[in-house]
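The block underneath contains the structure these notes are about, expressed in structure tokens.
What follows is calculated from the coordinates using simple rules that are stated; it is not laboratory data. Bear in mind the structure is a predicted one, so any value in this text is a computation, not a measurement. Don't worry about glycine lacking a Cβ; one is built from the backbone with ideal geometry, like all the others, and counts go over all protein chains shown.
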């Protein structure tokens, strides 16, 4: 985008200069319109054609400049300029790459095409199948060992992780030189990679990414590569039968079921069974979870571990462990009651001019007199008047005035009754004089507050409700491991490193389209010129 | 300084001995002389003795010398022999060469007076006919030049309306119109036997290439026009088309173009053409 902007500015500058010069050269004169050439004036579209005739050259030049700028930006991006400016997706991945670099050596390994020329790139497959097997004998362990040893050689390769984004599962290619330089052993590197990548699935088409084109050679380290590799070499570490406890669903703690206990469900692969459970403490150390805080529930299709508290856990099994995080729902935040009795607050309410203050006092009296209000934790809360829907720790109210804002119908039309007619969108709740005069107004305010407190814990995108309308606690955490990760890859297909992929075909089509646009602009210029010439032929 | 072109006196002398075209044979006056009114034409109606109410200047002094009695000659009224010079005073004419337009009007007025034809010069625009001056003698030329000095183009064009008004007054037999003729249509057609001589004062438009913001002097409307070689060619073609249209209006209509910058010589040719048609 940046390159396009630079090219566009450069190419549009002379066009703008010509347009400015033409504007400066425009002359004003007085002359009867009837004696001007009338070839286009007689038509209804005459003014349009005259305008077009006066400015078509500039307009077409500008269009051609934009098309040429887009073509040049595409061409230069495709021939090895920094990919950071190429597109938004690449930018996001680049940003992720910078995170690794910042953690290591202060950004010393930002992708730089010129520096990458002549080097070898090593790409580690971070798919779920790379973690199958006994700890220490998994493909990812072997891959980390290869990467670690290669980084200590005379010409260390550039390390990339081919994986996916956590949560969304979108395929990604991230540079990880900082990880391998920070690691002191292959085991540590494997742990770092495992914490950096979610190990869902991979998209091998990313081998054709522009960032990898400048390298002299490219080595893909994977467990087993099904397609035919073209333009790069593959180091196959061998397929392992999956042996693991794979988390497939999470029910957070604090929900309405089972006294608020959470539930983590796992699929057992390779016949493993859970043996221990550790929880990460606040200091980051793993500690064995006391028996009263967890239990294994019986089930045929999955291993279900019920947990009392939210947090990060490690479920150990014979030869390995699975880490997972159990979320928890926050308790609803309730407004803190003010001092004074309910009756006194209600009596005072009528004398207070502000609708929001009146509502607050009525709510306060209800809370004080209710069991829920007594049990609620004292939390800071406020009621704001006016807009601000969804503000944290504040319930916004909108006052309504008869005949002014349309929120209350004219009493003359409603036979003297005050009837609410509309709900102001910018506030959580719309209360007018009529609503506050009602004894049940506090219930509406209280309900709105409770709804806000419950909806504060929005499930992330990677969570899926079990059914429409199900309570907030009823959702599962998506594991996002594709189905083919569970099976040995079948041969077939091909992956080409040098762009003979669908993405590059689209790029070529785009470039072709831009060339066609340039040609079309020139043809239009010729056509308009020919039309102008034909218009100069004597009539009759 | 006189507006009359210097070659006009010689031109008048060359046409002095020629007879004007005969009156229309189908006119009411020609068919029934008793109904023709007295006037100032050259057609003799009667010779009678001088009466006290007669103008002494009308006494035929030759007859008085021969007979010793005062006689006066009576002539029939003029039957449209007088020419009418219409000068367009619409706003667009401000772009024409003022000197050339006034010279045409003044010179033709002079020629008509010198040849004893009689003439009337009037302005016109979209409001109809404006003030006019009649010329019967060379002495009336001063009044014509005073009128022409007051020529200030304003308003819209309206030659069709002016010619129709002229015809209603019976003054459309011999008409010369000086205008830019920029209106799309020319609907007026002269009656049989009449002469309509159109003189188009071409308006100059030139300059370097670029965009023109053109304001119409009569409507005030503005429009943007490209001005380049193609536009110049288009305008030249439009001028030729207008020339063709005006010169093919039919029988009784003659057309000449007065180009900007054309000197007295070109105008003299124009006067000669007009007089030739008049005396044909």
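The mean count of C-beta atoms from other chains within 10 Å of the C-beta of residues in B:218-226, rounded to a whole number, is 5.
Averaged over the residues of B:228-240, the number of partner chain Cβ atoms lying within 10 Å of the residue Cβ comes to 6. Counting every other Cβ atom within 10 Å of each residue's Cβ, A:528, A:296 order from fewest to most as A:296, A:528.
Which angle between 0 and 90 degrees, to the nearest 10, do you get for helix B:159-168 versus the longest principal axis of chain B when only C-alpha atoms count? Tilt relative to chain B: about 20 degrees. The mean number of Cβ atoms from other chains found within 10 Å of a Cβ in peptide B:176-183 is 2, as a whole number.
Counted over chain B, the DSSP beta bridges are approximately 45% antiparallel. The convex hull of the Cα atoms of the stretch B:146-280, projected and averaged over all directions, covers 10.1 nm².
Relative to the longest principal axis of the Cα atoms of chain B, the long axis of helix B:229-247 makes an angle of roughly 20 degrees. Going from the residue with the fewest nearby Cβ atoms within 10 Å to the one with the most, B:233, A:273, A:282, A:297 rank A:282, A:273, A:297, B:233.
Each peptide among A:181-188, B:224-231, A:150-157 gets the average number of other Cβ atoms lying within 10 Å of its residues, and from highest to lowest they stand as B:224-231, A:181-188, A:150-157.
Of A:295, A:304, the sequence from fewest to most neighbouring Cβ atoms within 10 angstrom is A:295, A:304.
Prolate is the label for chain B, because a/c, from the alpha-carbon gyration tensor with a ≥ b ≥ c as root eigenvalues, is 1.5 or above and a/b exceeds b/c. Pairing the Cα long axis of helix B:264-279 with the longest principal axis of chain B, what angle in degrees results, from 0 to 90 and rounded to the nearest 10? For helix B:264-279, the angle is close to 50 degrees. In terms of the mean number of neighbouring beta-carbon atoms within 10 Å, the peptides A:205-211, B:86-92, A:160-166 order highest first as B:86-92, A:160-166, A:205-211. Report note on the peptides B:62-70, B:167-175: ranked by the mean count of other C-beta atoms within 10 Å, highest first, their order is B:167-175, B:62-70.
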